[in-house]
Amino acid sequence: MAAQQIKFGTDGWRGIIADDFTYGNVRRVAQATAQYMKSRSNDPLAIVCYDCRFASEDFAQAVADIFASNGIKTLVFDRPSPTQVASWTVIDRKATGAVAITASHNPYQFNGYKYKTETGSAVPSEVIAELERTINSLDDVPAPDHKVGHGFVSSYDPRPHYYAQISRMVDLDAIKNAGLRVVHECMYGSGYGYIADMIGGGRTVVTELHNQRNPLFGGINPEPIPPNIDSTIAMMKVGNQDLCICTDGDADRVGIIDESGRFINQLQVFALLMLYLFEARGMRGPVIKTVNMTAMVDKLGAEFGERVFEVPVGFKNVAPKMMETNALLGGEESGGYAVRGHIPERDGILIGLLFADMMVKSGKPISQILAGLEQRVGPHAYARHDIHLQRDTYESDRKRILETLQQNEPNEIAGVAVQRVRSDDGFKFYLADGSWVLLRASGTEALIRIYSEAADGEAVEARLRALEDIVGVRQHATAS
């Protein structure tokens, strides 16, 4: 029987456990990765980490066994760990690359394989194409005899070196002694313990929620947005806390809830980070945003005289542009942000701590800081609709929907004229009133996503519904 075809999305390869995400397929992907790493170094060193999903540590061991059988020295983390910790360890240990066994914020049925290069960043598109060709040329990669790789695999605790790096990015002592009441919503993910270790133990008190391992994620998707964090939002409304940092399944993405229980959406988080780095930290540099990110950063860029670059969705597109332009900040709509001086990758732990530092440096709660941002850039509302499609007909449905827009490009949406269109990652319509609406296919799930940003929620909803009508789909909002 022919081997299954493996295709990488915007953030690695993901599949359903025991369907296409199997030990056999993981070994094929690992073998292709091993061959690529050996082409990059005469003495490669690999980092392997894993999240809290079902059998993730076993899949990680399968990867390490393949690497070892190829003569690659491999450090396997000694506990479930955030993906960005593997990225930092690549830099810290001068490794050739890292593999994270994780499906990030996907539903519990999924697992995945992320590969990070020697820069700690996501794999560029041309390397993905090379890996896919190699993987799909391999029919079967048998499990190696453990004796073959004896001595090549070691257990490794990455936390001390990662904590030291974060202390160079954030004044942890100032936060620890600020007397804040911080909640860390771990979402049953691999970020548990990290924030408490770094800022707990002083006057600041850190309370962790859902910090135990649960491969079913309590029946929710481990993505730090409503409705997945509704119970945490409710707790923040009555809990007398100052800040809630929510991290996803592998803790590279982050969500923020303020002291009143208000969810700060991903676009607001990005704009707040930009303003904080510019004003509170006195830093400067270009900003990289994905095509589904906010126009607020364009306004801030104009105010501070810094360029803002827009790239297709996925950190595989953000990271190269950050490195090319020496950008200060990069961000994507799914809650992933990177800051210069660290790694060209998302780090939900670091970003959460920067929000705590934001409060310490300003002496203000997040709600007041957000109000100040809104006074500067004006009101902005945002929402995303997720249209779930059948996996077995996804490709044909996706093609039909995109062809509908290509062949019948609208001149107006919700009664507002279309000024220009970007079509390298779905279709983004920039409207005459400064709002926008975007339709694109997910790179990791059988989803069509429609996004919009406008002056208020009613205008956002009108644009989303109008574009749904044009392509003949309908779905309720999943984030706002």
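Among what's in segment 138-165 and is among the hydrophobic types (A, V, I, L, M, F, W, C) and buried (at least 19 other Cβ atoms within 10 Å of the Cβ), pick the residue that is nearest to the chain's Cα centre (by Cα). Ranking the qualifying residues of segment 138-165, first place goes to VAL153.
Filter segment 197-217 for residues that are in contact with a helix residue (DSSP H, G or I) (Cβ under 8 Å, 6 or more places away or on another chain) and either surrounded by fewer than 17 Cβ atoms within 10 Å (Cβ to Cβ) or over 16 Å from GLY255 (Cβ atoms) (or both) and give the result.
Narrowing segment 197-217 to residues in contact with a helix residue (DSSP H, G or I) (Cβ under 8 Å, 6 or more places away or on another chain): 197-204, 206, 208-210.
Hits for segment 197-217 are ASP197, MET198, ILE199, GLY200, GLY201, GLY202, ARG203, THR204, VAL206.
Within segment 248-269, not a single residue is in contact with a His (Cβ under 6 Å, 6 or more places away or on another chain) and in a helix (DSSP H, G or I).
The single condition among (1) assigned by TED's automatic domain parsing to the domain that holds THR22; (2) surrounded by fewer than 17 Cβ atoms within 10 Å (Cβ to Cβ); (3) outside any loop (DSSP other than H, G, I, E, B) that ILE135 does not meet is (2).
Keeping to segment 274-296, report how many residues are in a helix (DSSP H, G or I) and in contact with a Phe, Trp or Tyr (Cβ under 6 Å, 6 or more places away or on another chain).
So the count comes out to 1.
The lone criterion from (1) among the acidic types (Asp, Glu); (2) part of a loop (DSSP other than H, G, I, E, B); (3) modelled with pLDDT under 95 left unmet by GLU126 is number (2).
All of SER154, SER104, SER167 fail the test of being within 25 Å of VAL311 (Cα to Cα) and of a type in the set (Gly, Ala, Ser), apart from SER104. One residue stands out among those in segment 232-263 that are small (Gly, Ala, Ser) and in contact with a helix residue (DSSP H, G or I) (Cβ under 8 Å, 6 or more places away or on another chain): the one that is nearest to MET187 (Cα to Cα), which is GLY249. Applying the criterion of being of a type in the set (Lys, Arg) and within 25 Å of ALA383 (Cα to Cα) to the residues of segment 281-307, the residue that is nearest to the chain's Cα centre (by Cα) is LYS289. What is the residue count in segment 165-196 for residues that are in contact with a helix residue (DSSP H, G or I) (Cβ under 7 Å, 6 or more places away or on another chain) and part of a helix (DSSP H, G or I)? Total satisfying the criteria: 9. Filtering segment 399-433 to residues that are hydroxyl-bearing (Ser, Thr, Tyr) and in a loop (DSSP other than H, G, I, E, B) leaves only SER423.
In summary, helices (runs of 4 or more DSSP H) completely within segment 11-94 and bearing 3 or more residues that are free of Cβ contacts under 8 Å to residues at least 60 places away in the same chain and out of contact with any strand residue (DSSP E or B) (no Cβ under 7 Å at 6 or more places or on another chain) occur at 23-40. Provide a single number: the residues in segment 197-237 that are farther than 19 Å from PHE355 by Cβ and not in a loop (DSSP other than H, G, I, E, B). Going through segment 197-237 one residue at a time, the tally reaches 6.
From ILE225, ILE233, ILE245, grab the single residue that is assigned by TED's automatic domain parsing to the domain that holds THR325, more than 16 Å from the chain's Cα centre (by Cα) and either under 30 Å from GLY443 (Cα atoms) or aliphatic (A, V, I, L, M) (or both). Just a single option satisfies the conditions, and that option is ILE233. Among the listed residues SER155, SER167, SER137, identify the single one that is modelled with pLDDT of 95 or more, touching a strand residue (DSSP E or B) at 6+ places or on another chain (Cβ under 9 Å) and hydroxyl-bearing (Ser, Thr, Tyr). Step by step, each of SER155, SER167, SER137 is checked, and only SER155 is modelled with pLDDT of 95 or more, touching a strand residue (DSSP E or B) at 6+ places or on another chain (Cβ under 9 Å) and hydroxyl-bearing (Ser, Thr, Tyr).
PRO44 falls short on exactly one of the conditions (1) at pLDDT 95 or above; (2) within 22 Å of the chain's Cα centre (by Cα), and that condition is (2). Taken over segment 58-116, residues that are more than 15 Å from ILE343 (Cα to Cα), crowded, with 24+ Cβ neighbours inside 10 Å and of a type in the set (Lys, Arg) amount to 1.
Could we say that ILE245 is under 14 Å from LEU354 (Cβ atoms) and modelled with pLDDT of 95 or more here? Spell out how you get there, then give the answer.
Values: under 14 Å from LEU354 (Cβ atoms): yes; modelled with pLDDT of 95 or more: yes.
Yes.
The values are calculated or read from the model by the stated rules, or taken from the named source; none is laboratory data. Predicted model only: the values in this text are computed from it and were never measured. Here the Cβ is made from the backbone with ideal geometry for all residues, glycine too, and neighbour counts use every protein chain on show.
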